[in-house]
1. Output the residue which, of all residues in the stretch 25-46 that are surrounded by fewer than 15 Cβ atoms within 10 Å (Cβ to Cβ), closer than 23 Å to D239 by Cα and not aliphatic (A, V, I, L, M), is farthest from the chain's Cα centre (by Cα).
2. Being under 30 Å from F268 (Cβ atoms) and more than 17 Å from the chain's Cα centre (by Cα), is that true of even one residue in the stretch 116-134?
3. Please specify each residue of the stretch 146-192 satisfying the condition of being farther than 30 Å from G80 by Cα, among the small types (G, A, S), loosely packed, with under 14 Cβ neighbours inside 10 Å and at pLDDT below 80.
4. Look at P41 and say whether it is assigned to a loop (DSSP other than H, G, I, E, B), touching a Lys or Arg at 6+ places or on another chain (Cβ under 9 Å) and at pLDDT below 85.
5. Within the stretch 121-142, which residues are in a helix (DSSP H, G or I), among the aliphatic types (A, V, I, L, M) and surrounded by fewer than 11 Cβ atoms within 10 Å (Cβ to Cβ)?
6. Please determine whether any residue of the stretch 268-283 is surrounded by 16 or more Cβ atoms within 10 Å (Cβ to Cβ), assigned to a loop (DSSP other than H, G, I, E, B) and over 14 Å from the mean Cα position of the chain (by Cα).
7. Have a look at V238, V243, V259 and point out the one that is at pLDDT below 80, over 29 Å from A104 (Cβ atoms) and crowded, with 21+ Cβ neighbours inside 10 Å.
8. Considering only the stretch 165-182, I want to know if a residue exists there that is more than 28 Å from I221 (Cα to Cα) and of a type in the set (G, A, S).
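The values are calculated or read from the model by the stated rules, or taken from the named source; none is laboratory data. Predicted model, so just to flag it, every value in this text is computed and none were measured. Cβ placement follows ideal geometry from the backbone for every residue including glycine, while neighbour counts extend to all protein chains displayed.
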Amino acid sequence: MKLLPRSGLVKQAPWSLWVLIIISLLALLAPILPLADPALPDLDRKVTGPTWPGLEHGHLAPAFGTDQLGRCLLSRIIWGSRVSLMVGLLSSLISLTLGVTYGAVSGFAGGRVDSVMMRFVDMLYALPLMFIVIFVVTFLHGVQAADPEFPLSTEVVLFAVIGAVSWLVMARLVRGHVLSLKETAFVDAARAAGSGPLDILIKHLLPNLLPLILVTLTLTIPRVILMEAFLSFLGLGVDAPDVSWGLLAQEGFGALTAVHVSWWLIVFPGIFLGATLHALNTLGDRLRDLLDPVQKGESPVAPQRGTS
């Protein structure tokens with residue numbers, strides 16, 4: 001199967017790819033970049049505005065300004081990208097695993113099994129999932145306050161809880177595609193050749209689901225990042241001394257007063273968050289246009305000989 005046509009993804013969405021590459025590299029290389037300690041206060045430089053970039057004492061100068069404790073905002077944004085992107089990636093992978101497995105089993109089983117499984121999905125859709133996430137995280141904060149040695153961190157719970165409530169769309173999409181693909185000729189041929197249900201799912205159906213899975217995953221990551229930012233903005237996400245873009249937005253909003261407007265504390269984190277979300281959404285839209293077999297007038301692809 002060709003995952004990309006001749007035009008290529010780079011030609012279709014060059015700027016979004018470059019934005020994601022640059023931000024990902026900054027997040028990955030943060031420990032070796034000449035950045036100030038994101039948690040180290042410097043009360044002599046608190047709430048100073050943006051300056052020209054340069055080196056000071058072996059570290060990058062606070063080009064984006066400093067916060068109320070004199071911490072370098074540039075350093076905090078780059079280190080915060082690590083947490084925000086990690087939550088987005090890991091939670092989306094949890095969502096991917098749950099959604100693909102559940103949707104594929106439901107669609108391939110069909111009949112009463114499919115009906116019962118999808119009624120369960122409909123029931124979950126009726127629940128206020130965001131309130132469930134808020135309840136779980138709030139409950140965790142209470143447990144941690146009562147027992148400081150509680151083994152689970154807020155970040156781990158965020159990964160699991162956000163991923164656990166984000167799989168419903170993936171499950172429905174996968175289930176619908178499996179329902180249509182399982183009646184195709186190459187699946188009938190695989191059954192006639194003696195392939196079992198698991199073999200058909202893995203070797204025959206999943207390769208045809210890869211474009212759908214890739215596009216949905218690309219569109220799930222920004223939604224998960226935004227959910228984490230929302231929770232951190234409410235004070236229910238990442239805890240200090242860790243930092244994320246949502247926590248920086250909360251701190252920046254709290255610094256906006258009638259006496260002193262420290263605009264850089266909310267503008268720069270907002271730019272990084274907005275640029276990442278917009279780039280991911282644009283990339284997902286372009287991938288959908290490139291990989292959608294219906295828009296390209298293609299039919300499902302049977303596996304090559306020797307794969308069954």
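1. Of everything passing the filter in the stretch 25-46, K46 is farthest from the chain's Cα centre (by Cα).
2. Taking every residue of the stretch 116-134 in turn, at least one turns out to be under 30 Å from F268 (Cβ atoms) and more than 17 Å from the chain's Cα centre (by Cα).
3. Within the stretch 146-192, no residue meets the criteria.
4. Numbers: assigned to a loop (DSSP other than H, G, I, E, B): yes; touching a Lys or Arg at 6+ places or on another chain (Cβ under 9 Å): yes; at pLDDT below 85: no.
Judged against the criteria, P41 is not a match.
5. Start the filter on the stretch 121-142 by keeping residues that are in a helix (DSSP H, G or I), which leaves 121-125, 129-142.
Adding the requirement that they be among the aliphatic types (A, V, I, L, M) leaves 121, 123-124, 129-130, 132-134, 136-137, 140.
If the condition is that a residue be in a helix (DSSP H, G or I), among the aliphatic types (A, V, I, L, M) and surrounded by fewer than 11 Cβ atoms within 10 Å (Cβ to Cβ), then M123 is the only one that fits.
6. no
7. Working: V243 fails: at pLDDT below 80; V259 fails: crowded, with 21+ Cβ neighbours inside 10 Å.
Only one candidate passes the filter, namely V238.
8. no
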